[in-house]
Amino acid sequence: MSHTSASESSYLKKNSHYWHTLSVNNVSRELNVEARTGLSEAEVRERLRQCGLNRLQQAKQESIWEIILEEIREPMILLLLATGGLYAIWGEPIDTLTIFVVIFIVVGVEIFNERRAEKALAALSQLAEPTVFVRRAGQPRSVPVEEIVPGDVILLESGQRIPADARLIESYGLEVDESSLTGESLPIPKVADLVLPEETPLAERQTLIFAGTLITRGRGAAIVVEIGRGTELGRVADLASAGKPPRTPLQRTMRELTRWMVWLALGFSTLVPLLGWLRGGQSPQQMLLTGFSLAFATIPEELPLLITIVLALGAYRLSQRQAIVKRLRAAETLSAVTVIATDKTGTLTKNRMQVNRLYPPDQTSRVLEIAALCNDVIAHHGQFTGDPLEIALVQAAETNQLNLNAFRQAYPLRGEFTFDNTRKRMSTIHDHNGNFWIAVKGAPEPLLAISTQYQSGNSQHFLTDTQRQSILAAASEMAGEGLRVIAFAEKMTSDEPRSQDEAESDLTFIGLAGLADPPRPEVKAAIVACRAAGIRLVMITGDHALTAQAIASQVGLNTNTRLLTGSDLDALSNTDLQAAVNQITVYARTTPEQKLRIVQALQQQGEIVAVTGDGINDAPALTTADIGIAMGETGSEVAREAADIVLADDNFATIVHAVKEGRLLFANLQKAIRYYLACKVALISATLLPVLLSVPVPFSPVQIILMELFMDLAASVTFVTERAESDLMQRPPRLANAPFMNHRMVLSIFTSAVGLFAAVSVTYLITWYGGAGLAKSQTVAFMTWLLGHVLLAMNLRSERESVFKLGLFSNRFILIWAAAIVAFVLFIMLIPEVQQALKITSLSSKDWTLIISAALLGSFWIEVRKQLNLIRRSRR
Ligand code: ATP
């Protein structure tokens with residue numbers, strides 16, 4: 001190792017004004033790497049240690065003290081601390097101690113909650129981390145972008161975001177969009193075999209590629225020369241801008257809601273102690289403390305955090321089910337999706353392709369030759385990596401006795417015009433005895449349009465229209481069986497073509513291959529589930545109309561309606577298209593631009609659209625859709641960047657699972673918020689009523705703070721884990737623009753609060769008027785609250801179904817929470833010192849009977865309400 005460290009440390013000091021002046025050999029020597037094999041793993045570890053991770057910003061680790069300090073600065077905690085301070089001045093040492101123990105627990109719970117959300121979000125962003133293909137120890141490997149080091153040989157393909165500054169060593173038709181770095185919007189051609197003078201400006205350094213820019217075409221390989229902050233991007237990047245993601249619509253609504261509820265809560269927290277002092281004759285000190293604790297317990301400051309927790313944990317759960325949520329907004333929108341627009345290959349089908357048919361029979365080997373040449377598959381020890389379609393072609397060629405590597409060596413690659421789904425074809429240029437052999441493959445119609453001859457036997461003939469028709473008929477026959485059809489063509493020239501148009505013209509048509517790609521077995525059920533959930537499904541594919549139709553009917557998509565092709569679509573005005581999208585289920589031979597138009601037309605019809613995409617040109621459709629879904633396995637990095645969700649398994653059924661999870665998440669959020677706010681309403685009314693009757697406040701300040709702690713925990717921990725109700729996927733999608741706090745929600749918050757309020761008020765007032773004294777009456781009220789709010793949580797686990805139908809034990813967390821409260825009650829009732837600290841007295845069995853019956857009655861009526869609603873609904 002020692003002999004390498006001198007040159008290694010040198011690359012750290014070099015500035016990039018230097019790399020373009022070196023030849024490929026000199027760069028390899030400088031960075032001590034063999035371009036053909038790449039670095040060894042040991043070497044990579046050593047360089048990682050020296051240079052650190054390839055990041056623009058090093059992650060800052062917060063210490064536990066920083067976290068605590070941050071938490072203590074929160075207004076609510078300051079309020080608590082102030083209460084503690086006042087206790088210390090006015091109260092006895094035991095009161096002060098008690099309140100500080102409680103504050104300690106509250107802060108602990110807050111930290112735990114916030115960390116939970118942050119952890120889930122961090123895990124998510126790690127899952128969405130991009131990877132890159134590198135050549136290491138002679139093998140192609142996919143590694144996280146963060147882990148590449150100077151000297152790494154990276155393999156480049158179109159649609160890829162360049163992970164670091166690098167010197168090209170191979171390039172085939174490479175073009176890079178450097179607008180993110182230089183503002184230049186036209187793609188820049190890049191080449192490996194040049195050495196540039198030192199003064200060449202950045203924008204003209206054609207042998208270098210820069211971190212953060214985008215490969216729009218071609219492929220190649222390059223040696224990494226600078227990483228992280230050392231890259232050109234690292235120099236200019238505005239690091240401060242790497243801020244928090246924007247708030248989701250729901251987070252924004254909740255912040256607004258919270259803002260005005262704060263005033264409401266503050267009003268009550270002033271009114272109650274004021275009345276308590278004036279009418280109930282309680283001491284001003286006691287009432288000030290009560291006011292502070294009431295403010296702490298009733299201000300719904302947790303609401304925005306609650307949403308973040310539910311969204312973050314929901315998103316995390318989605319990711320474990322293969323749908324990686326990149327933008328939190330998507331987790332929220334999923335429950336409102338009304339249309340899923342999906343492509344075909346890989347999502348509805350397995351993307352395990354196999355060549356089934358070759359046409360014409362006498363050109364089989366020629367077809368496979370072109371298939372082997374015009375192909376981006378990476379071959380290594382008999383293993384192939386790349387596009388499944390191309391792998392299938394290579395495998396068919398090898399079965400036909402064609403050795404891929406030997407063949408590639410015999411006809412070395414000179415240039416390439418990579419596949420894109422607008423042109424629907426690709427071509428490669430190879431050396432052939434001093435001439436240039438151009439191999440082209442693509443969709444049959446566009447390929448035939450640029451062919452002028454065809455091969456028959458060993459000779460070439462003029463391609464007549466009749467001949468074209470018969471080839472297209474052969475292609476249609478294959479497509480009708482659901483095969484993906486690829487056409488092959490070639491030409492030989494003495495001059496290297498300068499442009500793509502020049503390369504892809506005047507071709508000799510060779511033949512066709514039909515590839516089978518069976519539907520995924522789970523898709524059928526997923527489509528049925530979609531239908532039941534009121535979600536419409538459309539297929540938008542670049543493939544042949546007949547292939548699309550065949551696959552659509554195989555997976556059980558509605559194929560009775562008209563199919564629209566890309567060219568049909570171009571003939572429609574926007575208004576006509578809007579009218580058409582309501583009926584059409586299958587769109588074929590579409591380009592990404594047309595896909596975008598379909599998405600927009602659907603949205604203009606009021607649909608909430610989730611759309612899938614994989615290609616480099618799919619980004620506009622993905623960002624325009626309400627939810628953009630990119631393919632994790634086969635999609636380009638650009639598509640993944642533009643998407644809100646990345647499907648790790650490319651599977652359509654996963655989208656449907658995601659919708660279900662999205663609905664569950666939203667339902668649980670509603671439940672948690674309903675409970676949280678119902679408790680606050682009950683608390684406010686239960687404290688207000690007595691003071692209006694000139695009776696003291698029913699809870700002591702410490703009790704109020706404890707009550708807030710328990711209800712907070714229930715809302716943020718237990719409802720989140722509630723399981724799906726049986727009809728979750730039988731309901732229509734949530735209306736996207738309906739307000740979260742609609743009449744039904746508000747009504748249900750108040751009706752849920754009534755029982756708890758009534759139970760507490762009745763037990764408290766009976767005890768008080770029975771002459772039991774304040775401490776005893778407050779104990780009774782406190783116990784009724786504890787029991788009542790546990791029962792309320794159980795009831796609110798479903799708005800419609802009875803708890804008994806849900807299963808009393810089906811939510812483990814709510815049981816743990818309830819058990820903790822029972823343990824707490826036993827703890828405070830059985831230990832006299834604790835009783836004293838919390839201002840609690842012993843209770844008789846008569847008191848307990850009163851408490852239990854009031855709490856049961858108060859919550860029982862919610863179950864009665866559910867049953868009444870059920871009867872009413874079934875009558876309708
Ligand atoms: P799907 O909905 O099935 O995923 P798509 O919308 O991704 O399809 P494209 O990838 O745009 O479809 O493919 C359109 C057509 O281009 C295919 O029908 C095929 O004929 C041709 N094609 C696909 N991949 C290649 C390739 N690697 N090389 C050449 N032609 C290809």
Fill in the blank from the handout: Rounded to the nearest 10 Å², the 1.4 Å probe accessible area of Asp626 is 30
Problem - Area accessible to solvent at Phe827, 1.4 Å probe radius, in Å² - result: 100
Exercise for the section: Heads up, I need the accessible area for Ile89: 1.4 angstrom probe, whole protein in place, Å², nearest 10. Expected result: 120
Completion exercise
Given 364-371, 831-838, the highest-first ranking by average Cβ count within 10 Å works out to 364-371, 831-838
Problem - J(HN,Hα) series, the stretch 656-668, from Karplus relation 6.51 cos²θ - 1.76 cosθ + 1.60, nearest Hz, glycine and proline x - result: 5, 4, 5, 4, 4, 4, x, 5, 4, 4, 5, 4, 5
Fill in the blank from the handout: Stokes-Einstein, Kirkwood over Cα pairs, the stretch 131-199, 10 °C, 1.306 mPa s; D in µm²/s equals 117
Problem - Contact order normalised by residue count of the chain, Cα under 8 Å, 6+ apart, percent - result: 12
Practice task
Place +1 on the Cβ of every Lys and Arg and -1 on the Cβ of every Asp and Glu in the chain, take the dipole about the Cα centre, and give the residue among Leu806, Val825, Ile64 whose Cα lies farthest towards its positive end.
Solution key: Val825
Exercise for the section: State in Å² the accessible area per residue of the stretch 116-243; use a 1.4 Å probe, count heavy atoms of protein chains only, and round to the nearest integer. Expected result: 41
Fill in the blank from the handout: The answer for Leu39, listing residues at least 5 apart or on another chain whose modeled amide H is closer than 5 Å to its amide H, is Ala137, Val153
Practice task
Within the stretch 743-760, find all residues whose amide N lies under 16 Å from a label point positioned 7 Å from the Cα of Ser853 along Cα-to-beta-carbon.
Solution key: 759-760
Problem - Structure-based [θ]222 nm, the chain - -39500 (n - 2.57) summed over DSSP H runs of at least 4, per residue, nearest 500 - result: -16000 deg cm²/dmol
Practice task
Find how much the distance from Ala724 to Ser63 grows on full extension, using 0.36 nm per residue of separation minus their present alpha carbon separation; answer in nm with one decimal.
Solution key: 234.2 nm
Handout entry: Trp65, Trp437, ranked by accessible area, largest first (probe 1.4 Å)
Key = Trp65, Trp437
Completion exercise
One finds, for Arg321 and Lys846 with R0 = 51 angstrom and r their Cβ-Cβ distance, a FRET efficiency to the nearest 0.05 of 0.45
Practice task
Please give the helix 545-555 orientation as an angle from the longest Cα principal axis of the chain, in degrees from 0 to 90, rounded to the nearest 10.
Solution key: 40
Completion exercise
Probe 1.4 Å, heavy atoms of protein chains only: per residue, the accessible area of the stretch 684-841 in Å² is 40
Problem - Whole-angstrom gap from the stretch 563-635 to the stretch 697-726, using each part's C-alpha centre - result: 45
Handout entry: Lys/Arg +1, Asp/Glu -1 at C-beta; the chain dipole; positive extreme among Gly635, Trp19, Thr399
Key = Gly635
Practice task
Express the carbon and sulfur contribution to the solvent-accessible surface of the stretch 261-307 as a percent, rounded to the nearest whole number, probe 1.4 angstrom.
Solution key: 75
Exercise for the section: Give, in nm to one decimal, the length gained when the segment between Gln285 and Asp431 is fully stretched (0.36 nm per residue of separation minus the Cα-Cα distance). Expected result: 43.2 nm
Completion exercise
Between the Cα axis of helix 249-278 and the main Cα principal axis of the chain, the angle (0 to 90°, nearest 10) is 10
Problem - Listed residues Lys524, Lys671 arranged by accessible area, highest first, probe 1.4 Å - result: Lys524, Lys671
Exercise for the section: Would you calculate the separation in nanometres between label points at Trp260 and Glu71, each defined as 7 Å from the Cα along the Cα-to-beta-carbon direction? Expected result: 3.3
Completion exercise
As straight-line cross-link partners of Lys680, the qualifying aspartates and glutamates (C-alpha separation under 19 Å, not fewer than 8 residues apart within one chain) are Glu110, Glu256, Glu301, Glu302, Glu708, Asp712, Glu799
Practice task
Show Ile429, Ile188, Ile378 ordered by accessible area, largest first, where the area counts protein heavy atoms only and the probe is 1.4 Å.
Solution key: Ile378, Ile188, Ile429
Fill in the blank from the handout: Each label sits 7 Å from Cα toward the beta-carbon; between Ser459 and Val754 the label points are separated, in nm, by 9.6
Fill in the blank from the handout: On the formula 1/(1 + (r/R0)^6), with r taken between the Cβ atoms of Arg812 and Thr37 and R0 of 56 Å, the FRET efficiency rounded to 0.05 is 0.60
Exercise for the section: Return the carbon/sulfur percentage of the accessible area of the stretch 451-547, one whole number, probe 1.4 Å, all protein chains in place. Expected result: 51
Handout entry: Distance between modelled label sites at Glu633 and Leu48, nm, 7 Å Cα→Cβ extension
Key = 2.7
Problem - Net length gained if the chain between Ile111 and Asp362 were fully extended (0.36 nm per residue, minus Cα distance) - result: 83.1 nm
Practice task
Mind listing the long-range amide H neighbours of Ser451? Cut-off is under 5 Å, sequence gap 5 or more, other chains count too, H placed in the peptide plane at 1.01 Å from N.
Solution key: Leu507
Exercise for the section: For helix 2-13, report the angle its Cα long axis makes with the longest principal axis of the Cα atoms of the chain; keep it between 0 and 90° and round to the nearest 10°. Expected result: 80
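The values are calculated or read from the model by the stated rules, or taken from the named source; none is laboratory data. These numbers come from a predicted model, not from an experiment. All Cβ positions, even for glycine, are placed from backbone atoms using ideal geometry, and neighbour counts span all protein chains on display. Heavy atoms of the whole protein, side chains included, go into the accessibility calculation; ligands, DNA and RNA do not. Shrake-Rupley method; radii C 1.70, N 1.55, O 1.52, S 1.80 Å.
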